[in-house]
Amino acid sequence: MKAATAAEMREIDRIAISDYGIPGTVLMENAGVAVVRHLESIMEVLSERKFCIFAGKGNNGGDGYVIARHLVNQGAKVKVFLLGEKASVSGDARINLDIIDKMNIDIIEIASERDWDKVRVAATFADCLVDALVGTGFRGEVVGDMARVIDSINAAGKLVVAVDIPSGVEADTGRICGKAVRAAQTVTFCLPKPGLFLYPGAEFAGELMVADIGIPTAVVTRQQIKQNILMAGAIRTILPQRSPDAHKGINGRLAVVAGSRGLSGAAAMTAEAALRAGAGLITLATPASIQNVVAVKLTEVMTTALSETATGGMSQDAVAEIAALAAKNDVLAIGPGIGRHEATVAAVRAAITTVECPLVIDADALYALAGYTDLLTECTALPVLTPHPGEMGLLTGLSAQEVNSDRVTIARQAAGEWGSIVILKGAHTIVAFPDGEVYINTTGNVGMATGGTGDALTGIIAAMIAQGMSSHDAALAGVYIHGLAGDIAAQAGMVGMAATDLIKAVPAALYGIKNC
Ligand SMILES: NC(=O)C1=CN([C@@H]2O[C@H](COP(=O)(O)OP(=O)(O)OC[C@H]3O[C@@H](n4cnc5c(N)ncnc54)[C@H](O)[C@@H]3O)[C@@H](O)[C@H]2O)[C@@H](O)CC1
Ligand SMILES: [K+]
């Protein structure tokens, strides 16, 4: 599914109205009716139910007036609180405001302190609050009366349904612009907006419903929207089909370069995740002194030793060994637990431009690339990078907070500049491609915020490449499967969930995608 930015949505509306001649009031009518239908589906009967509709002066407010009209027609009791004066409402919204005015629906222009009392009382007795304050036309920050209305809505403790997007959530980034309405449900129009899937906005949107408002499909496809929402259907179509007579050689050969003294677990988890994700033959290469440790941990994985430093990290002599290993494998994952010794860092930089097979680059191998991202353009195959916001910050010169403030844009820019697939981890991981295409993942949960889950992701993506998927498809499938395995593991409880629980759930995630 695509997700449209505010600017793209405005353009889609404009083309539908001016090129196709669909009156804006028709789109507004369809939008309002879609919300009323949704209210009907969640509340069963609307008759005698009490609604407060909080409307702004723009078209989002216009949707609110349409909603008010249909609710009243269905016997509901409706109060409309208008943030501003009726006289300041124009266009399609004005047409619908005038209609409900003629219907004698209670419209309260919030102006004086007494009006705020009315807001409080009405919200206290309402069954449902509808947020039609602002939608995609919102700019800047929530301040003044808007902030006060949002506080009143959030404090009421009632069912809150947002129209198009919770007011105060930035449509493109999911940023909370000072304050935002905390909705239980959001009915969004035509296409979802990225901010409904990006945190923290995703948390304020609650359950999401996408409503068709009659815009011709061609208008949407013509926009060539590059934001996508990653869902099971798309993954099902790209997963490799396994023939019944498959043997281990057919399911790919994969090498993992990972681990250092004290960090054997990261290496083992990467290899174990690759195994659970279906790779045929896996070789784990670690510094010589921990080879026996990982060999004991892993029964099905082959191990090999790399030249090491005195402190137990791989040394520069490992470059030739890695190149030889890569030549015998379909894909190489590098980075988990390798440490940051200067010899190791130098070995990584040399290895990634020497190796010819596809690479999945993670953890300390990303650290090695800080200031050296131009090396990525020398990779033979399109590399896959899996930074968390801290690593992304290191690579881009930003703080983790700055990275998280606009995850889509930053991942997209990095993918373009580095000629790489960039997987920016975090709640609803972003997968960005060099051509600007971006996917927002929908699986995963907070229980995954624990050591080792990143190593698991690296192993899963590498396993997908080993099984014949392109790096593009493997990145998408790997991210979705990883999150789904986390969701399956979380059914036993999120607190105390370990990366190894997630890894064990990968086969169930794969089965679920293929068969459910
Ligand atoms: N023809 C269309 O364009 C359609 C638009 N629709 C609805 O209209 C919305 C977009 O409408 P608009 O473009 O009129 O914009 P909005 O109604 O989302 O917001 C614009 C209004 O918000 C005010 N505003 C913006 N930033 C503010 C801030 N920081 N603090 C306080 N007030 C602020 C503006 O002054 C203006 O009054 C969509 O989200 C959707 O709900 C739907 O009715 C479908 C058709
Ligand atoms: K809204």
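The values are calculated or read from the model by the stated rules, or taken from the named source; none is laboratory data. Computed from a prediction, not measured in an experiment: that's the story for all the values here. Neighbour counts run over all protein chains shown; Cβ positions are idealised from the backbone, glycine included.
Considering the range 34-81, and only residues there that are β-branched (Val, Ile, Thr) and within 11 Å of ligand 1 (Cβ to nearest atom), the residue that is surrounded by the most Cβ atoms within 10 Å (Cβ to Cβ) turns out to be Ile67.
Would it be correct to say that Gly137 is touching a residue at least 24 places away in the same chain (Cβ under 8 Å), in a loop (DSSP other than H, G, I, E, B) and not hydrophobic (A, V, I, L, M, F, W, C)? The answer is yes for Gly137. Considering Thr283, Thr303, the condition of being part of a strand (DSSP E or B) and either surrounded by fewer than 19 Cβ atoms within 10 Å (Cβ to Cβ) or in contact with a Gly (Cβ under 7 Å, 6 or more places away or on another chain) (or both) is satisfied by Thr283 alone. Meeting the requirement of 2 or more residues that are under 20 Å from Val160 (Cβ atoms), the helices (runs of 4 or more DSSP H) wholly within the range 5-94 are 24-43, 59-73. Taking the criterion of being loosely packed, with under 15 Cβ neighbours inside 10 Å and charged (D, E, K, R), the residues of the range 364-402 that qualify are Asp374, Glu378, Glu402. In this structure, Val220 does not qualify as surrounded by 19 or more Cβ atoms within 10 Å (Cβ to Cβ) and touching a Gly at 6+ places or on another chain (Cβ under 9 Å). Would you check which residues across the range 129-144 are within 15 Å of ligand 2 (Cβ to nearest atom), at pLDDT 95 or above and surrounded by fewer than 19 Cβ atoms within 10 Å (Cβ to Cβ) and list them? Within the range 129-144, just Gly137 meets the criteria. Applying the set (1) of a type in the set (Ser, Thr, Tyr); (2) assigned to a helix (DSSP H, G or I); (3) touching a residue at least 60 places away in the same chain (Cβ under 8 Å) to Ser260 leaves exactly one unmet item: (2). The helices (runs of 4 or more DSSP H) located wholly in the range 432-516 that include 2 or more residues which are of a type outside the set (A, V, I, L, M, F, W, C) and under 20 Å from Ala255 (Cβ atoms) occupy 453-466, 471-490. Every listed requirement among (1) within 14 Å of ligand 1 (Cβ to nearest atom); (2) surrounded by 17 or more Cβ atoms within 10 Å (Cβ to Cβ); (3) modelled with pLDDT of 95 or more is met by Ala87 save one, (2).
All of Ser167, Ser112 fail the test of being of a type in the set (S, T, N, Q), buried (at least 20 other Cβ atoms within 10 Å of the Cβ) and either farther than 30 Å from Pro194 by Cα or within 15 Å of ligand 2 (Cβ to nearest atom) (or both), apart from Ser167.
So is Val33 modelled with pLDDT of 95 or more, touching a His at 6+ places or on another chain (Cβ under 7 Å) and β-branched (Val, Ile, Thr) or not? Spelling it out, Val33 is indeed modelled with pLDDT of 95 or more, touching a His at 6+ places or on another chain (Cβ under 7 Å) and β-branched (Val, Ile, Thr). Scanning the range 135-167 for residues that are more than 25 Å from the chain's Cα centre (by Cα) and either within 7 Å of ligand 1 (Cβ to nearest atom) or among the hydrophobic types (A, V, I, L, M, F, W, C) (or both) yields Val143, Met146, Ala147, Val149, Ile150, Ile153, Ala155, Ala156, Leu159.
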